[in-house]
Each structure stands twice: as C-alpha cells, then as structure tokens.
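The values are calculated or read from the model by the stated rules, or taken from the named source; none is laboratory data. Because the structure is predicted, anything quoted here is derived from the model rather than measured. Here the Cβ positions follow ideal geometry from the backbone for every residue, glycine too, while neighbour counts run over all protein chains shown. Quick note on the areas: whole protein, heavy atoms, side chains included, nothing else; ligands and nucleic acids left out. Shrake-Rupley method; radii C 1.70, N 1.55, O 1.52, S 1.80 Å.
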Amino acid sequence: MSAPPVYLDAATAAPLHPVARQALLAALDDGWADPARLYTQARRARQLLDAAREATAQTLGVRPDELSFTPSGTTAAHAAVLGGLRGRHRVGRVLVHSAIEHSAVLHAAQRHVADGGEAVGVPVDRWGRLDRDAWSTAVAAPGVALATLIGASHEVGTVQPVEAAGAECAAAGVPLHVDAAQLVGRVPVPTGWSILTASAHKWGGPAGVGLLVVRKGTRWESPWPADERESGRAPGPMNLPAVVAAAASLRAVTADAATQAARLTTLVDRIRTRVAAEVPDVEVVGDPTDRLPHLVTFSCLYVDGEALLHALDRRGFAVSSGSSCTSSTLRPSHVLEAMGVLSHGNVRVSLHRETTEAEVDRFLADLPGIVADLRAEAGVTGL
C-alpha cells in the first residue's frame, strides 16, 4: 500500500482551515442575498458582512472603514498599486518597487509603464534582502508617487525591513504599499505602510477573497470604472459566504500563529540542515535567520526543476519550484535571478498547520535518492 500524499505547497495555497469550512457552510444559508438591499434577507447578509469586516479589521489592527474585500489577492494588489499611483498622479508617475515583488505587483507595474509611467526596481542581495541604500535613494527622487514592497518573499521566505523602508518613504512623503500575503495569519504584520494587501487562501481561508487596506489620509483613487460596492474599491458583488469564512479562519489562525510558527520553524530548520548535509551540490537560498517560519527553498545543481517536481510528485510530495521552467513560461524565477543564486533545479517547500514531523522526515529520506536518480539519468555521477 502506497503512503498517503504529502502536501508541502502552503505558500501557494494553504489547506482549508476547519473553521473556514464551518463558517462557509453556515454562511451559505444566510449570506446569499445582496447586502446592499433593504429587505430581511439582505439585512441579514449585511450583518454578516459587517461582522466579517469588523473581525478582520480587529485582527489586522486597522479601522473597519479602511478595509475592503476584493475578489482575490491579485485584484487587491492591482488595486493597491494602480489606485495608489492614480491617487497621486499630480505628484508624479514614478513607481518604486523591489526586484522580487510578486508577479501581481509586477504586472501592475508593467501596465503603469505601458500607460506612460515609470517603474524603478530596487535590487536585493544574495539572501534576498532589500538594498536599503538604493531604496532610500529611489524613494527620495523627484516624481515618486508610490513605493511597493513585498513583506516577505513568497519564493525564498526572506522577510523584508518593512518598518525601516516605510520610515524612509514617510521621510520622502511617499506612501508605501506592502504585499503581506505571506505574513497575514502567520507572523505579526509590521507597521509603517499606507496600503496593505493579502489573500485568504494563503492562510487557510477560501480562494477568491483578497484584502485591501487603505489607511485614512492616503491618497488613493480607484483604477476601476465607478462602482458603489466596497466604497468603490472593489467592483462587483462579493462572495459573501467566502468572505465570512475568510474572516473566521483569519481570527483562528492568528490566535494560533505563534505556536505554529515555533513548531514549523523547527521543521524548516531540520530541512535546511539535512538537505545541505545529505544532498550533494545543493544551495539553500534565502536569509538564514530573517525568514518566514514555514518556508524553505533550495536549488540542486545538475537537475532540471520541472523533472524534479514531477519525480517528487510521483513519490507523493506536492511541492513547487521557483524555476517556473514549464511549457507555459520557460523562464527561471525573477526572484532567484535578482538574488544571483542558482535558478534551476529549484524546490520550494512550504509547511502548514497539518504538516507533521513524520511527513517532513519522509520527504527528507526520499529526496537524496530522487535527486541522485535524476542526475544519473542526465549522465551526472560521482558527486
């Protein structure tokens, strides 16, 4: 009998939290009506929406009227960047971002450039840490309308100096957007930002719910056609049962975050140590200390990343690769390229609340042989 599959890709999507499932099922009965209407069913839906907003705002430490729910984290990121630029177009048309932003932010930057704006990328070091001097210079330049910084790398786990970067933005009078998708529900959210975004399926909520927080006093103008929903920040009707489930699960995972972080950090430390010791010619990437508790990435020399992922999948391990060398992209990770590290033969392992010590040990026991077999197939032996 084959061993059960092991899911190790929580950075893409965490398994649905039991609280999210319970809240989703309950809200399907009462949350189907349009909360903007005045009849009884709509008023009940409105109560659910208001309660979800209040609970989420309280968890994040923001005002309820600063928080909007969006159809996805991607939509939230697009709205944050394009809306922040639009709100300050009289100041200038320059967007400052790190070189390792999520593709959602980079795609918004590309749209801004296509529309005649300018985007300035700030480099990172080999650990994926922001170049603070280059950042300070970039945000202080004339015409900067907005800066955007990922709170922690979704590919290598390096946590960025958000508070310090925010202070430099504040000194220059530039609002800062923080992509907190990998932070919310896992570690405390740093201060110093003007706009924040997150995605529910990263913390164990349902897919299709994003968070957009715009602090009071921040100049922001919707990049979408006019719509009265969510204070004009997210057009179209929302999936209210999913929003309720997202709010409930966020409260649950945040209450347990410190305990889970400690447990997962120990498991990630084990992976980092044993992979480096037991797999020849491997590079563990990302900051060794200032990093997310649940994520580790390593690159194996002489191994094709896509072949490695398929081989691991055949053995029951679901992981992802920063290499993205699939038939749809054929491009290595822009994050790994920006860091100047090996960008092929790359594996990202990201743990979650259901990951067990036994599953990690099974992965570590199987990995060296899988890598050796792939190298042998490629004619690489004697390592």
Inset, instruction - Under 9 Å between Cβ atoms, at least 6 apart or on separate chains: pull out the pairs that start in the stretch 228-245 with a residue that is closer than 13 Å to Gly205 by Cβ and end on any residue that is among the polar types (S, T, N, Q). - result: Val243/Thr56; Ala245/Gln22
Legend entry - Pairs, first on the phi > 0 side of the Ramachandran plot in the stretch 272-285, second basic (Lys, Arg) and at pLDDT below 95, C-beta under 9 Å, six or more apart: Asp281/Arg375
Legend entry - Residue match in the stretch 157-164 (condition: touching a helix residue (DSSP H, G or I) at 6+ places or on another chain (Cβ under 6 Å) and either of a type in the set (Phe, Trp, Tyr) or farther than 22 Å from Arg86 by Cβ (or both)): no
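Against the definition (at negative phi and open to solvent by less than 10 Å² (accessible area, probe 1.4 Å)), how does Ala99 come out, yes or no? Can you show your working first?
Numbers: at negative phi: yes; open to solvent by less than 10 Å² (accessible area, probe 1.4 Å): no.
Answer is no for this residue.
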Legend entry - Boolean, Gly31 is farther than 21 Å from Gln260 by Cα and either open to solvent by less than 60 Å² (accessible area, probe 1.4 Å) or in contact with a strand residue (DSSP E or B) (Cβ under 7 Å, 6 or more places away or on another chain) (or both): yes
Legend entry - Hits in the stretch 344-361 - residues which are touching a residue at least 60 places away in the same chain (Cβ under 8 Å), open to solvent by 60 Å² or more (accessible area, probe 1.4 Å) and out of contact with any Asp or Glu (no Cβ under 8 Å at 6 or more places or on another chain): Glu354, Glu357
Inset, instruction - Would you mention how many residues in the stretch 262-292 are open to solvent by less than 10 Å² (accessible area, probe 1.4 Å) and either among the charged types (D, E, K, R) or over 27 Å from Ser2 (Cα atoms) (or both)? - result: 4
Legend entry - Neighbours by Cβ (under 8 Å, 6+ apart or cross-chain): first from the stretch 143-166, in contact (Cβ under 8 Å) with a residue 40 or more places away in the chain; second part of a strand (DSSP E or B) and among the hydroxyl-bearing types (Ser, Thr, Tyr): Thr148/Ser98; Leu149/Ser98; Ile150/Ser98; Ala152/Thr158; Glu155/Thr297; Val156/Thr297; Gly157/Thr297; Gln160/Ser98
Legend entry - Wholly enclosed helices (runs of 4 or more DSSP H) of the stretch 30-145 bearing at least 2 residues touching a Gly at 6+ places or on another chain (Cβ under 7 Å) and closer than 26 Å to Glu230 by Cβ: 40-60, 73-87
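Can you pull out every residue in the stretch 34-57 that is among the basic types (Lys, Arg) and open to solvent by less than 60 Å² (accessible area, probe 1.4 Å)?
Quick first cut of the stretch 34-57, residues among the basic types (Lys, Arg) only: 37, 43-44, 46, 53.
If the condition is that a residue be among the basic types (Lys, Arg) and open to solvent by less than 60 Å² (accessible area, probe 1.4 Å), then Arg53 is the only one that fits.
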Legend entry - Those residues of the stretch 170-205 which are in contact with a Pro (Cβ under 7 Å, 6 or more places away or on another chain) and farther than 21 Å from Ala20 by Cα, in sequence order: Ser194, Ile195
Legend entry - Residues located in the stretch 102-123, provided they are open to solvent by 30 Å² or more (accessible area, probe 1.4 Å) and within 13 Å of Ala147 (Cα to Cα): Leu106, Glu118, Ala119, Val120, Gly121
Inset, instruction - Out of the residues in the stretch 362-378 that are open to solvent by less than 60 Å² (accessible area, probe 1.4 Å) and free of Cβ contacts under 8 Å to residues at least 40 places away in the same chain, state the one that is farthest from Leu267 (Cα to Cα). - result: Ala376
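Among Ala23, Ala79, Ala3, which is farther than 23 Å from Val174 by Cα and open to solvent by less than 40 Å² (accessible area, probe 1.4 Å)? Before you say what the answer is, go through the steps one by one.
On the way: Ala79 fails: farther than 23 Å from Val174 by Cα; Ala3 fails: open to solvent by less than 40 Å² (accessible area, probe 1.4 Å).
Selected residue: Ala23, the only one of Ala23, Ala79, Ala3 that is farther than 23 Å from Val174 by Cα and open to solvent by less than 40 Å² (accessible area, probe 1.4 Å).
Against the condition buried (at least 24 other Cβ atoms within 10 Å of the Cβ), closer than 20 Å to Ile150 by Cα, of a type in the set (A, V, I, L, M, F, W, C) and at pLDDT 95 or above, how does Val209 come out, does it pass?
The answer is yes for Val209.
Got at least one residue in the stretch 302-313 being among the β-branched types (Val, Ile, Thr), under 22 Å from Ala104 (Cβ atoms) and buried (at least 24 other Cβ atoms within 10 Å of the Cβ)? Show your work before the answer.
Just the residues of the stretch 302-313 that are among the β-branched types (Val, Ile, Thr), to begin with: 303.
Okay, now just the ones that are also under 22 Å from Ala104 (Cβ atoms), so none.
Within the stretch 302-313 (the criterion being among the β-branched types (Val, Ile, Thr), under 22 Å from Ala104 (Cβ atoms) and buried (at least 24 other Cβ atoms within 10 Å of the Cβ)), the answer is no, since none of the residues qualifies.
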Inset, instruction - Only residues in the stretch 11-39 that are in contact (Cβ under 8 Å) with a residue 12 or more places away in the chain count as the first member; pair them with residues that are open to solvent by 60 Å² or more (accessible area, probe 1.4 Å) and part of a loop (DSSP other than H, G, I, E, B), Cβ under 8 angstrom, at least 6 apart or cross-chain, and list the lot. - result: Ala13/Ala207; Ala14/Arg353; Pro15/Arg353; Pro15/Glu354; His17/Arg353; Ala33/Tyr39; Asp34/Pro237; Ala36/Glu228
